[in-house]
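Here, each number is a calculation from the coordinates, and none is a lab measurement. Treat the numbers as computed from the prediction; the structure is a model and nothing was measured. FYI the Cβ positions are ideal-geometry reconstructions off the backbone, even for glycines, and counts take in every protein chain you see.
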Amino acid sequence: EVQVVESGGGLVQPGGSLRLSCAASGFTFSTYWMHWVRQVPGKGLVWVSRISTDGSTTYADSVQGRFTVSRDNAKNTVWLQMNSLRVDDTAVYYCVSGGRAYSLGFWGRGTLVTVSS
Amino acid sequence: QTVVTQEPSFSVSPGGTVTLTCALNSGSVSTTYYPSWYQQTPGQAPRTLIYSTNTRSSGVPDRFSGSILGNKAALTITGAQADDESDYYCVLYMGSGICVFGGGTKLTVL
């Protein structure tokens, strides 16, 4: 059974940092891109970042320079290091595997990040 | 700035057919953007419906179909059911690992 499980969300002050983790199982993790997607409660989905199988990374303009995605294929885990957090980074963060033909495949249930003083 | 636009809301009668669209501000949507579609019900994670324009993901009923209509990607639901009432999102692949979501369409079945 495929599982994608995010953790590490919580309350953080503006300017602070948080590291999200995503543990995957049930598929050959090392052969899949992994993405982070976020959603402000009640709003739409927004793509945040992607890490390829060889570790190359891409980011949305809104998080470029503040967020860093990494992975460990031996641990079937991907992380999102979020620095200089802003109030508008408040969202549910989903970890998602790449799917077929540049789509998004297996979704986690998300972890809520709240940036507030 | 890449902007992907969907209808904010749509309504369909049970058993009816509805087509949701996905437009790109910089031009026409084509298969080279590998359009994909996702369904999200409140409080749940999204579910992949369609990838590569018109290929249904595993387990997706055949009443869901994807296509290119004119200069937009499209998701058609034929014979809508009550549990199709959800938010629907399209995604376009822009290259270099970058995906862009549309704003989503809230579909009401009534």
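Averaged across the residues of B:37-49, what count of C-beta atoms belonging to other chains lies within 10 Å of each residue's C-beta? Intermediate results must be reported in sequence, preceding the final value.
Numbers: counts 1, 6, 0, 4, 0, 1, 1, 3, 13, 8, 1, 8, 1.
Neighbouring Cβ atoms belonging to other protein chains average 4 per residue here.
Based only on other Cβ atoms within 10 Å, what is the fewest-to-most ordering of B:V60, B:V12? Walk me through the numbers before you get to the answer.
On the way: B:V60 16, B:V12 20.
Going from least to most buried by this count: B:V60, B:V12.
Comparing A:S103, A:S25, A:S70 in a Gaussian network model of chain A, where Cα atoms under 10 Å apart are tied by springs, the biggest mean-square fluctuation is seen for A:S103.
Its relative contact order, with pairs defined as Cα atoms under 8 Å and 6+ residues apart, puts chain B at 37 percent.
In order along the stretch B:42-54, the phi-based Karplus estimate (6.51 cos²θ - 1.76 cosθ + 1.60, θ = phi - 60°) of 3J(HN,Hα) comes to x, x, 10, 6, x, 10, 7, 9, 9, 9, 6, 6, 9 Hz; Gly and Pro are listed as x. Taking chain B as a Gaussian network of alpha-carbon nodes connected by springs under 10 Å, the highest mean-square fluctuation of the residues B:G27, B:G70, B:G97 belongs to B:G97. Here B:T31 and B:S9 are evaluated by their C-beta separation; at R0 = 25 Å the FRET efficiency comes out at 0.40.
Based on alpha-carbon atoms, the Kirkwood radius and the radius of gyration of chain B give Rg/Rh equal to 0.94.
The alpha carbon centroids of the stretch A:1-79 and the stretch A:98-117 are separated by 7 Å. Dipole magnitude for chain A: about 60 debye, using +1 per Lys or Arg Cβ and -1 per Asp or Glu Cβ, origin at the Cα centre. With θ taken as phi - 60° and the Karplus curve 6.51 cos²θ - 1.76 cosθ + 1.60 applied, the whole-hertz 3J(HN,Hα) list for the stretch A:33-39 is 4, 10, 10, 10, 10, 10, 8 Hz, x standing for glycine and proline. Hey, for a label at A:S116 modelled as a point 7 Å past Cα toward Cβ, could you say which residues of the stretch A:70-94 have their backbone N under 18 Å away? Within reach of a label on A:S116, which here means backbone N under 18 Å from a point 7 Å along Cα→Cβ, the stretch A:70-94 contributes A:85-93. Between A:R38, A:R71, A:R100, the GNM of chain A built on Cα springs shorter than 10 angstrom shows A:R100 fluctuating the most.
In chain A, the DSSP beta bridges split such that about 90 percent are antiparallel, to the nearest 5. Derived value for the stretch A:7-117: Kirkwood hydrodynamic radius 13.9 Å. Basis is the mean of 1/r over every pair of different alpha-carbon atoms.
By the beta-carbon count within 10 Å of each Cβ, the least crowded to most crowded order of A:V5, A:V87, A:V12, A:V113, fewest first, is A:V87, A:V5, A:V12, A:V113. Placing unit charges on the Cβ atoms only, positive for Lys and Arg and negative for Asp and Glu, gives the stretch B:1-108 a dipole magnitude near 200 debye about its Cα centre. Once you have a ≥ b ≥ c as the square roots of the Cα gyration tensor eigenvalues for the protein assembly as shown, tell me rounded if a/c is under 1.5, and otherwise prolate or oblate according to whether a/b is larger than b/c. Prolate, since a/c reaches 1.5 and a/b exceeds b/c.
Here's how it looks for B:S57: its modeled amide H is under 5 Å from those of B:I50, B:Y51, which are all 5 or more places away or on a different chain. The phi-based Karplus calculation (6.51 cos²θ - 1.76 cosθ + 1.60; θ = phi - 60°) puts the 3J(HN,Hα) values of the stretch A:105-116 at x, 8, 9, x, 8, x, 9, 8, 10, 10, 10, 7 Hz, whole numbers, x for Gly and Pro.
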